[in-house]
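Below: the structure, in structure tokens.
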Amino acid sequence: MCLTACFTIKCQIRELYFYEKFTATMSEAMTSQHERACVTTSLTVRAAAGQLRILPVWQSLGPYAAKARRTRVHCSRKHNVDEMTLMFEAVSTSDLREVAWRLSAQSWVVATSLHTLPADSSTVR
């Protein structure tokens with residue numbers, strides 16, 4: 001079961017790679033210096049192992065997909081969940097709260113959460 005779930009996620013990640021390349025190009029074209037100084041908000045979507053649907057998560061972001069700065073997908077065998085975390089700059093928390101609310105209404109989603117950090121905190125060291 002876990003091997004099948006991980007294989008499914010790997011296939012979705014491969015598809016996601018091309019989508020991220022496209023959104024990264026659009027994002028750079030649309031983002032100004034002012035927007036980069038804003039707070040960073042992360043949206044995490046959790047689903048049962050093998051049930052995470054990566055493309056529907058991206059589709060639910062709508063116009064905010066192009067503003068995603070970082071994406072992380074994690075499979076936890078210990079907790080039997082898969083999770084996807086997306087980090088955004090220059091997207092209001094209220095807009096992402098609405099996206100999280102819509103996602104949490106999906107039958108395959110176990111939980112969604114939002115976290116907000118100052119822009120300096122998201123720097124990788």
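The values are calculated or read from the model by the stated rules, or taken from the named source; none is laboratory data. None of these values were measured; they are calculated from a predicted model. Heads up, the Cβs are rebuilt from the backbone with ideal geometry, glycines too, and the neighbour counts pull from every protein chain shown.
Here are the numbers for this structure:
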{"quantity": "Of all residues in the stretch 71-94 being buried (at least 16 other Cβ atoms within 10 Å of the Cβ) and charged (D, E, K, R), the one that is farthest from Arg53 (Cα to Cα)", "calculated": "Glu89"}
{"quantity": "Meets criteria (surrounded by fewer than 13 Cβ atoms within 10 Å (Cβ to Cβ) and modelled with pLDDT of 90 or more) for Gln59", "calculated": "yes"}
